[in-house]
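The values are calculated or read from the model by the stated rules, or taken from the named source; none is laboratory data. Predicted model, so just to flag it, every value in this text is computed and none were measured. Positions of Cβ are generated from backbone atoms using ideal geometry, with glycine treated the same way; all protein chains shown enter the neighbour counts.
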Protein chains: 2
Amino acid sequence: MTRAEHLKQLFSECGIAAALEVVGERWSFLILRGAFNRLQHFEEFQSTLGIARNILSNRLARLVEHGMLRREPDPADRRKVAYHLTEKGRELLPVLIALRQWGERWVSGVPSNAVLVDRYSRRPIAPMTVQAADGRPLSMDELEWIDRKEVGLKDAAA
Amino acid sequence: MTRAEHLKQLFSECGIAAALEVVGERWSFLILRGAFNRLQHFEEFQSTLGIARNILSNRLARLVEHGMLRREPDPADRRKVAYHLTEKGRELLPVLIALRQWGERWVSGVPSNAVLVDRYSRRPIAPMTVQAADGRPLSMDELEWIDRKEVGLKDAAA
DNA sequence: CTCGTATAGTTGCATAATGCAACTGGAAAA
DNA sequence: TTTTCCAGTTGCATTATGCAACTATACGAG
């Protein structure tokens, strides 16, 4: 099997590989983080992230192609172009939050000065956890892969 | 500001950038996914992922350096080396699950044949969501950045 | 003991991705 | 009408990745 076939196989079989096909390149996550933080314009992304202009250009185009961002020329000032998250893009939030929490805990060490809170209670959001259908938190060894056809047959089994 | 300084700044300020410093390179996520799926040996990772041997070698070394994997020579067969997830590595699980769920929903389209279930109930795990301290699910626009010092002062404010 | 094979890499070279600085083109602002 | 702003593009340098062949060590069979 060639490498291309191998990757195609991986992508079709595994959501992780499929996701990385869209957001796995360098800078993609950070550009999306910027978009979540309300950055809209090329120059904003460029100066905030310090990314090379040609790469930024390429990544924005790619993210637009993949339907993560919408490219919207500003009718009031035709020099300006705004990039906005689509629903597909917004749905990546859990990934970014989980990544951020992990990074703060295990890499940067200290939670940064800025804290993400629920707008209403103004209390920090909960740590991201894997949960069972009923909300119980699950650790790695409480998980198992099973075939789709066997789902939920524990009690229903003949 | 040079690019290096810029990145350093980013990493120190943002958990996402910090996390990507460790797991942001190509293949890192897929190698860790393999580790979660009980792959242990060089040849297993290589044949499962179809990754180039030199890159795999480099990534495994990097993940070991960063404390994601432990490299354990097999005492019974000294040719063999096993790579095992550390706690730091295992704690990345929410990120991988969130990424997988997103990829299945928005990229590969169809959930794959294999389903992750809670070992006990044998029902599929819940979708990953961002939650408030009390467990309420939160969407992007219910989130706000505030300064650490102001946390939870809504009712306590003088 | 020695020969074949398994395991975990390494090496050299080719291709692709990223980074940098300078430049372009169209539109607003002075 | 000249200057500045915005969103890119271009050419060239550096770095990362991919590929195939090779190495080194250790088992295992005979």
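Odds and ends about this structure:
- Checked against the criterion of being among the acidic types (Asp, Glu) and more than 7 Å from chain A (Cβ to nearest Cβ), segment B:118-132 has no qualifying residue.
- Any pair with Cβ under 7 angstrom, 6 or more apart, that starts in segment A:25-39 at a residue that is under 16 Å from A:His84 (Cβ atoms) and ends at one that is more than 14 Å from DNA strand C (Cβ to nearest atom) and of a type in the set (Phe, Trp, Tyr): A:Ala35/A:Tyr83
- Close contacts from segment A:47-66, counting a first residue that is among the charged types (D, E, K, R) and a second that is not in a helix (DSSP H, G or I), with Cβ to Cβ under 7 Å and a gap of 6+ residues or different chains, come to A:Arg59/A:Glu25; A:Arg59/A:Trp27.
- Residue count for segment B:52-110, restricted to those that are within 12 Å of another protein chain (Cβ to nearest Cβ) and within 15 Å of DNA strand D (Cβ to nearest atom): 3.
- The set of residues in segment B:8-59 that are among the small types (Gly, Ala, Ser) and either under 15 Å from the mean Cα position of the chain (by Cα) or closer than 18 Å to A:Arg33 by Cβ (or both) comprises B:Ser12, B:Gly15, B:Ala17, B:Ala18, B:Ala19, B:Gly24, B:Ser28, B:Gly34, B:Ala35.
- Residue ID - nearest to A:Thr86 (Cα to Cα), chosen from residues in segment B:87-128 that are at pLDDT 95 or above and in contact with a Cys (Cβ under 8 Å, 6 or more places away or on another chain): B:Gly103
- Residues in segment A:1-21 that are within 13 Å of DNA strand C (Cβ to nearest atom) and either modelled with pLDDT of 95 or more or among the small types (Gly, Ala, Ser) (or both): A:Ala4, A:Leu20, A:Glu21.
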